[in-house]
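Worksheet: the structure to be examined is printed underneath.
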Amino acid sequence: MIRSALLAIVLAAPAAAQTSAADILTALEKPTTELEQLTAILEGTDEEKALVAMRLMLESGDPAMERLALRVGLTSTSGISRGVALEAYMQGQPTLMAFATGGADASDEFQRWIQSIGSLSSETSGVFPIVIGPSIDDKNCFGAAAGSRNCTSRIAGTEVSFLIGGTWGTASLNESGELVGSISNGSYKTGPVAVKIPLLGQLQ
């Protein structure tokens, strides 16, 4: 939007005229003001209006508006808005980074399990990727790679299920824009492992 506003000034000005600093500042300010107005709608008390605005922004094709809608939607107090934003986020096929904590009594099994799917951060924690591939519409899920017919993640409202190392885990989207849940792996006898997946920092 900023580029188009500046371009409009250049095209509208006579060939011999100079663009003033005020013209440039006005062009730069206008998009910011528009985004501020949209933010006010998204964060307003009219949930129906906010939801309509968010859907339109997500479908706009404008990267700035799409990011704004995702950031506000993923942290909305409305579960419906968070669910809509989460589905749009997943459709973007991100690679999520999951932070796992095994607790104070985490065993060698936990460490071996983390190393098999990701990397250790400490004796009791680690991080692993969750690849979200294209949607498989007839199965209502997502695969891990293009052309895959195997479901590796599913979404239902604000809840995501994901397949890691042959085991399904679940996490729910909270109002801080984090997927929080747990996963177990019987093969390594890890027991429930707490998982947190921050989404806002992964927005491009």
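The numbers here are math on the coordinates, done by the rules we state, and not lab data. The shown structure was predicted, so the numbers you read here are calculated from the model rather than taken from an experiment. When we count neighbours, we look across all protein chains shown, and the Cβ atoms used for this are built from the backbone with ideal geometry, even at glycine.
Structure above, values below:
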{"quantity": "Packing-based exposure ordering (other Cβ within 10 Å, fewest first) of Leu163, Leu56", "calculated": "Leu56, Leu163"}
{"quantity": "Paramagnetic reach from Gln202 (point 7 Å along Cα→Cβ, amide N under 20 Å) across the stretch 163-187", "calculated": "163-185"}
{"quantity": "Fully extended contour minus Cα-Cα distance, from Ser172 to Ala146, at 0.36 nm per residue", "calculated": "6.8 nm"}
